[in-house]
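Trainee: If you scroll down you'll find the structure; I have some questions about it.
Nothing in this text is a laboratory measurement; each read-out follows from the coordinates by a stated rule. What you see is a predicted model; the values in this text were computed from it and never measured. Methodologically, a virtual Cβ is constructed for each residue, glycine included, from the backbone with ideal geometry; neighbour enumeration extends over all protein chains shown.
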Amino acid sequence: MTSALDRIKAVVGERGVIADPGEMTPYMLDERREWPAGKALAVVRPGSVEEVSQVVAICNETRTAIVPQGGNTGLVGGSTPHTKGDEIVLSLKRMNRVRDLDPLNYTITCDAGVILADVQKAAAEADRLFPLSLGGEGTAVIGGNVSTNAGGTGVLRYGNARELVLGIEVVLPDGRIWDGLSRLRKDNTGYDLKHLFIGAEGTLGIVTGVVLKLFPKPRDIQTAFLAVRDPSAALELLALARAATDDRVTAFEWIPRLGLDYVLKNIPDTRHPLPDNPYDHYVLIELTSAHDDGVLRERLEAVLAEGMEKGLVLDGAIAASRAQGRAFWKLRETIPEAQKPEGSSIRHDVSVPVSKVPEFLNKADAVVKKAVPGIRVCSFGHLGDGNVHYNLTQPIGADSAAYAARHEEINHLVYEVALALRGSISAEHGIGRQKRELLPEVKSPVALAMMRQIKKTLDPNNIMNPGKLL
Ligand SMILES: Cc1cc2nc3c(=O)[nH]c(=O)nc-3n(C[C@H](O)[C@H](O)[C@H](O)COP(=O)(O)OP(=O)(O)OC[C@H]3O[C@@H](n4cnc5c(N)ncnc54)[C@H](O)[C@@H]3O)c2cc1C
């Protein structure tokens, strides 16, 4: 009898299958490397939606599990196979065509394997903006971004990936193709099925194409690095800035003194924008406008003046050029890298309602400091979205392995604080394998039962990314 793999080869051709263990290695380990290298029957690289459909149909018939993979930058162990070796990895990377760009409809239609930076570039070339932007954008692909409902630095103004998708094309677990590539802004014809697949982490089907919203391209970008009194003052400042600038705040990022200290010490070519006085709390604020008429800068200056008058802002620097703006961003974006030389870190990707961030920080700081005297709290990130990366560096001189071994205990302490404020244990990165065991603890039984029912209905043979998410 012909094996599943031979039948798949007949569909995608020799160049569409990698079966050599050495060549498969990059597909077996993910960004975080927290899980052992996976094993797979093969990495399958289809070149069209029809090929994906036929491959999935074969897998469904033969009960061969599929791990969908995009850029493999996910941080929760969702995009790589388990160690048994009986799954296939289905890589979307060969499907990398921009299918259509409609400037008047403000949409772009892409294959799932288009690299996020290339989507941004195509939009920019048409004098448009695709606003999804995040650290891994040179490697992550749009199908992966959509499957993880990625957020990033523009959520405050433009929303998560979910808000940016108008239409979607999916190969269902039985091989059928659902062409949901709608370019409509309005369509009230029953359940909005695309949302089932956005953020599903490859457990309900393979996303093969997407229609994305575009926006006017910014002509003016103003970035400021500000010292603020405390987290509450930062939030008051954000509210003030939103109102005073017609809601043109695109990013509002939190940088604590410890994070900045790590960056200045461990990352080359960085300098403190406010070197004279070390403050405890900083924010990076960015405003954008489609008009380059100087108004944005005037408004930003007015916001800072008012913030200072009210005692919210202690000091600040507005970038004099795009290069300086990028230098400010470097201080924010390199915090995770700068933490590494400081020893073990226990990380959390939590969110709470924006107004509750100060309370979260106070309470979480108190419980973790009580549990581990000397622990170094380095919380940073998307304050404007209520999403802080609550990272905890080991005490100076502590045993790294012993500290890291306490991660579950510390995770629970932090999650308890976030959940009591009706927050989430995964704001951006999803569930994957990393938080799968926690899901029943944090989802209501009703929500969990609905999720399981949807999974069973669409994927009764459980071939789509088993052991991830649910
Ligand atoms: C340096 C860095 C910075 C980051 N910063 C942010 C940030 O600020 N905000 C944020 O939200 N995220 C951030 N992330 C996480 C990022 O959102 C995800 O890594 C990215 O969106 C995943 O895209 P990918 O193509 O690499 O997907 P993969 O890692 O390949 O896959 C991710 C998940 O989606 C599934 N999947 C992939 N493609 C498909 C498909 N076509 N159909 C169905 N399922 C699929 C996989 O099975 C897996 O479960 C960051 C990651 C890195 C490495």
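Trainee: Quote to one decimal, in nm, the extra length available between LYS217 and ARG271 on full extension: 0.36 nm per residue of separation minus the C-alpha distance between them.
Mentor: Gain in length upon complete extension: 16.5 nm.
Trainee: Please name whichever of VAL295, LEU312, ASN266 sits farthest to the positive end of the charge dipole of the range 260-325, dipole taken about the Cα centre and charges placed at Cβ: Lys and Arg +1, Asp and Glu -1.
Mentor: Of the listed residues, the answer is ASN266.
Trainee: A further question on this structure: Go through the range 1-77 and name the GluC sites (Glu not before Pro) that are in a DSSP coil and have 15 or fewer other Cβ atoms within 10 Å of their Cβ.
Mentor: Qualifying residues, ordered by number: GLU34.
Trainee: Sort the range 223-325 into rounded, prolate or oblate with this rule: let a ≥ b ≥ c be the square roots of the eigenvalues of the Cα gyration tensor; rounded if a/c is under 1.5, and if a/c is not under 1.5, prolate when a/b is larger than b/c, oblate otherwise.
Mentor: Since a/c reaches 1.5 but b/c is at least a/b, the shape of the range 223-325 is classed as oblate.
Trainee: Something else: Where in the chain are the DSSP H helices whose C-alpha atoms run 15 Å or more along the long axis and whose mean Kyte hydropathy is at least -1.0?
Mentor: 49-62, 231-244, 295-309, 357-371, 407-420, 445-458
Trainee: At 222 nm, what value in deg cm²/dmol follows for the chain if DSSP H runs of at least 4 each add -39500 (n - 2.57) and the sum is divided by all its residues, to the nearest 500?
Mentor: -10000 deg cm²/dmol
Trainee: Of LEU214, GLY154, TRP254, whose Cα points farthest to the positive end of the dipole of the range 148-283 (charges on the beta-carbon: +1 Lys, Arg; -1 Asp, Glu; origin at the Cα centre)?
Mentor: It is LEU214.
Trainee: Expressed as a whole percent, how much of the Cα-Cα distance distribution for the range 145-266 exceeds 25 Å?
Mentor: Of the Cα pairs, 46 percent sit more than 25 Å apart.
Trainee: Continuing with this model, one more query. Going by how many other beta carbons lie within 10 Å of each one, how would you line up HIS348, HIS195, HIS272, fewest first?
Mentor: HIS195, HIS272, HIS348
Trainee: Another question about this same structure. Could you give the nm distance between label points at ARG15 and GLU34, where each point is 7 Å from its Cα heading toward the beta carbon?
Mentor: 3.8 nm
Trainee: Size of the dipole of the chain about the Cα centre, Lys and Arg at +1 and Asp and Glu at -1 on the beta carbon, nothing else charged, in debye to 20?
Mentor: 640 debye
Trainee: Now, a different point. Work out the FRET efficiency for GLU309 and ASP192 from their Cβ-Cβ distance, taking R0 = 60 Å, and round it to the nearest 0.05.
Mentor: It comes to 0.85.
Trainee: Suppose we take every Cα in the chain and form the convex hull; what volume per residue is that in Å³?
Mentor: 155 Å³
Trainee: So between SER182 and ALA449, what do we pick up on full extension, going 0.36 nm a residue minus the alpha carbon distance?
Mentor: Difference between extended and current length: 93.2 nm.
Trainee: Tell me, rounded to the nearest percent, the portion of alpha carbon pairs in the range 261-389 spaced more than 18 Å apart.
Mentor: Here the long-distance tail beyond 18 Å is 65 percent of all Cα pairs in the range 261-389.
Trainee: Could you put LYS217, LYS340 in order, starting from the residue whose Cβ has the fewest other Cβ atoms within 10 Å?
Mentor: Exposure proxy ranking, most exposed first: LYS340, LYS217.
Trainee: While we're on this one: With r as the distance between the Cβ atoms of ALA405 and ARG257 and R0 = 25 Å, compute the FRET efficiency 1/(1 + (r/R0)^6) and round to 0.05.
Mentor: Result of the calculation: an efficiency of 0.35.
Trainee: Quick check: the distance between the Cα centres of the range 413-455 and the range 321-391, to the nearest angstrom?
Mentor: Result: 21 Å between the Cα centres.
Trainee: How high is the relative contact order of the chain, in percent, with contacts defined as C-alpha pairs under 8 Å that are six or more residues apart?
Mentor: 15 percent.
Trainee: Where nothing but the Cβ of Lys and Arg (+1) and of Asp and Glu (-1) is charged, how large is the charge dipole of the range 122-183 around its Cα centre, in debye to the nearest 20?
Mentor: 160 debye
Trainee: With a cut-off of at most 15 other beta carbons within 10 Å, and DSSP calling the residue loop, which trypsin sites (Lys or Arg not before Pro) in the range 248-298 qualify? Please list them.
Mentor: Sparse-neighbourhood loop trypsin sites (Lys or Arg not before Pro): ARG271.
Trainee: Amide H of THR208: which non-local residues (sequence gap of 5 or more, or other chain) have their own amide H closer than 5 Å, using H built in the peptide plane?
Mentor: GLU169, VAL170, VAL171
Trainee: Work out the charge dipole of the chain with +1 on the Cβ of Lys and Arg and -1 on the Cβ of Asp and Glu about the Cα centre, then indicate which of HIS389, VAL11, ILE335 is farthest towards its positive end.
Mentor: After comparing all options, I get VAL11.
Trainee: DSSP loop (so not H, G, I, E, B), at most 10 other Cβ within 10 Å: list which trypsin sites (Lys or Arg not before Pro) in the range 7-52 pass both filters.
Mentor: Answer in residue order: ARG33.
Trainee: Which pairs break 32 Å Cα to Cα here: LYS93/LYS217; LYS39/LYS435; LYS9/LYS340; LYS84/LYS455?
Mentor: As for pairs spanning more than 32 Å Cα to Cα, those are LYS9/LYS340.
Trainee: Listing THR25, THR109 from the residue with the fewest other Cβ atoms within 10 Å to the one with the most, what is the order?
Mentor: THR25, THR109
Trainee: Treating the beta-carbon of each Lys and Arg as +1 and of each Asp and Glu as -1, no other charges, what is the dipole magnitude of the range 168-237 about its Cα centre, to the nearest 20 debye?
Mentor: 340 debye
Trainee: If you don't mind, another one. For ASP100 and GLU359 in one chain, what is 0.36 nm times their gap in residues minus the Cα-Cα distance, to one decimal in nm?
Mentor: 88.6 nm
Trainee: Just to be sure I understand: of the beta bridges DSSP finds with both ends in the range 345-451, what percent are antiparallel, rounded to 5?
Mentor: 95 percent
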